[in-house]
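Student: My structure is below; once you've seen it, I'll send some questions.
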Amino acid sequence: MPDIFISYSRQDSEQAHLLTELLSSAGLSVWIDHSGIDAATSWSGEIVDAIDGCKAMIVMLSPNSIASRNVIKEVSLAAEQHKKILPLDVEPVELPRDLKYHLAGIQRAPISNIDAIIRALAKLGLEATGAPQAPKIVKEQSLLADGSSRLGKAGEMRKSLMVLPFEDLSPTGDNQWFVDGMASELVNTLSNVKSLKLIDWNTSSMLKNKKVRTIDLAKDFSVRYFIEGQVRKFGDQIKISITLLDIETGDHLWQDSLRGTMEDVFDIQEQVAKKVLAGLDLILTKKEEAIVKKKPTENAEAYELYLKAQQYQARQTKRDIQRALALHEEAARLDPKFAMAFAGIAATCTAIYRVYDRQLTWLERADGAADKVREIEGETALYFWVMSHIALPRGNAESALRYAEQALERDPNYAAAYDALSFALQTLGRHKEAAQVLAEYVRLRENETGAHFTLLIALKELEQVQPSLSNDHTPSDYSEQLRAAAERATPIFERHIRLNPDDENARVQFANVLSMAGRDAEALAAAEKLSLVESLDGAALYNLACLYLKLHAQERGMEMLRAAIAKGFRNIEDFRSDPDLAPLRETPEFEALMKELEPTKIPINPRV
């Protein structure tokens, strides 16, 4: 009879079987009910015999197992027979009374730390005869924009890493903005290390407040290494606890806690980045080391305001963008040498003008902020990206194009610059080049729904305007490219919505993706449900209008367009140029609506 009995809930079977494989590979004999104890209608004699014959029981603790009557019965029987019990946390839980009695005083270990489990079993008299060998979960490789894998020289050497959202342990519980900012800045720093394949922060942040197992994330995102963190901020005092986990082996490669005040925050960030890189056995180039050491500002209070502004800006509503602008301006006032704060001012002013308010003063304020970025750090990728975004709404797409190209000359991996370049190309009618640029953008942001959707929009426009292009492609070629890209984007959207069921904008985009993939019936059903959601913002309603028009529901499309305008959507350029709105153009109703919204002619700034 095997020495170790594993008690678990059927819902945790994947981790239970992985643990069994790890222990067995280390030479330990393990018994596990492969049918899942919760699936049984009654206790089987086989389970009772296995408990009778084992020397120790491992009980996997999770919300599922503590609610399982079978797990409680197994633990009770093992305790009555004076079996040695090792409780493992699948995730931290408060024990119910029935389990608390039997497990009182027994130290619990995390299931992710296989080395600690092996040591604990050794203390119970169960010695491993070898090192545990984990089954390969992921391969270190890079992905092409078309979704295929590439095991070239770069792909073989890059280590895949995801920084999970940090937990806010502040006594007041209201510092999540600061906690998210710390994690985001760590991602920004590590993203400059070429030997790392890092999941972008936009993707990682969607996991906030989600109970998702790292083993599932490893499979979903093809990631081997994870950073988990906890931040405690009380007044000026900060404590950051960081863990670097290798999901393939279950090892904690590095764990540490760092303390300090807000004045020490940049030194703490640098220490964390260096220790993570050391834990991954990565050696930095001199340029990468300089980036890790670079401080965005010397003013801790300005940095706090900047982090809070980033949180508001990400929400993309008019009110939140205005809040972000006020915080960026205050951060810039506190530190007139804080380039990123001025870039934030320029970005928020341009966003307000483009989507919500066509007063030229917004672009003038953006001009002034861009001048400050250049004055502080010169003509960097950040400066040229800002200038590209200002040039486009001023009607100078050629300048926007040049600025985006210059940003990429400074930093070929600057993902935002690819986005800016594609917008300029599309405005100039160079749709094929825009699609090619966006394929590279997707490669850099392969897990981000927004990147995929932007590429799909470009491919759709390419499909719609192709009769005016050269004859090197037949009409069906672009249609097939669009369908294939939509099919690749589908699992990305499905995963995102599964993790974020309340993300209404993503649900509207996904309905459009379904239509692009040729699944019109599903797209229409999704659109009808979404049209009843009163909380949809203007951008989401605009995308819904485009979908209805593609599905030949012109009346519903006009209805959604009016709703988008009522919610403050003011992107006049899209109204005039978007091929999706072609069925409405030249209708009296549409032209009357455009006449009401048409802004005065924008003067061209001589600098752009």
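The values are calculated or read from the model by the stated rules, or taken from the named source; none is laboratory data. All values derive from a computational prediction rather than experimental measurement. Cβ coordinates were reconstructed from backbone atoms using ideal geometry, including for glycine residues, and neighbour counts include every protein chain displayed. Heavy atoms of the whole protein, side chains included, go into the accessibility calculation; ligands, DNA and RNA do not. Shrake-Rupley method; radii C 1.70, N 1.55, O 1.52, S 1.80 Å.
Student: Which peptide among 327-337, 96-106, 575-585 comes first, and what is the full order, when sorted by highest mean count of other Cβ atoms within 10 Å?
Tutor: 327-337, 575-585, 96-106
Student: Follow-up question, since we're still on this one. Quick one: accessible area per residue over the chain, 1.4 Å probe, rounded to a whole number of Å²?
Tutor: In whole numbers, the chain has 46 Å² accessible per residue.
Student: Any chance you could give the angle, 0 to 90 degrees and rounded to 10, that helix 538-550 forms with the longest Cα principal axis of the chain?
Tutor: 80 degrees
Student: By how many degrees, between 0 and 90 and to the nearest 10, does the Cα long axis of helix 554-566 differ from the longest principal axis of the chain?
Tutor: Approximately 90 degrees, to the nearest 10.
Student: Follow-up question, since we're still on this one. Output the 0 to 90 degree angle, nearest 10, between the alpha-carbon long axis of helix 397-410 and the longest principal axis computed from the alpha carbons of the chain.
Tutor: Around 40 degrees separate the two axes.
Student: Considering only DSSP states other than H, G, I, E and B, which trypsin sites (Lys or Arg not before Pro) in the range 375-426 qualify as loop sites with at most 16 other Cβ atoms within 10 Å?
Tutor: Within the range 375-426, no trypsin sites (Lys or Arg not before Pro) qualify (loop, at most 16 other Cβ atoms within 10 Å).
Student: Among residues other than F166 whose Cβ falls under 12 Å from its Cβ, what is the net charge (Lys/Arg +1, Asp/Glu -1)?
Tutor: Neighbour charge sum, excluding F166 itself: -1.
Student: Which value, in debye to the nearest 20, describes the size of the charge dipole of the range 291-420 about its Cα centre when Lys and Arg Cβ atoms bear +1, Asp and Glu Cβ atoms bear -1, and nothing else is charged?
Tutor: 340 debye
Student: So, with a 1.4 angstrom probe, what is the percent of accessible area on the chain that is carbon and sulfur?
Tutor: On the chain, the fraction of accessible area on carbon and sulfur atoms equals 49 percent.
Student: Using θ = phi - 60° and the Karplus relation 6.51 cos²θ - 1.76 cosθ + 1.60, list the HN-Hα couplings for the range 220-229 in order, rounded to whole Hz, with x at every Gly or Pro.
Tutor: 3J(HN,Hα) across the range 220-229, in whole Hz: 5, 10, 6, 10, 9, 10, 10, 10, 10, x.
Student: Can you give the net charge of the other residues whose Cβ lies under 10 Å from the Cβ of A331, counting K and R as +1 and D and E as -1?
Tutor: Local net charge: -3.
Student: What is the dipole size for the range 195-350, taken about its Cα centre, with +1 at each Lys and Arg Cβ and -1 at each Asp and Glu Cβ, in debye to the nearest 20?
Tutor: For this selection, approximately 480 debye.
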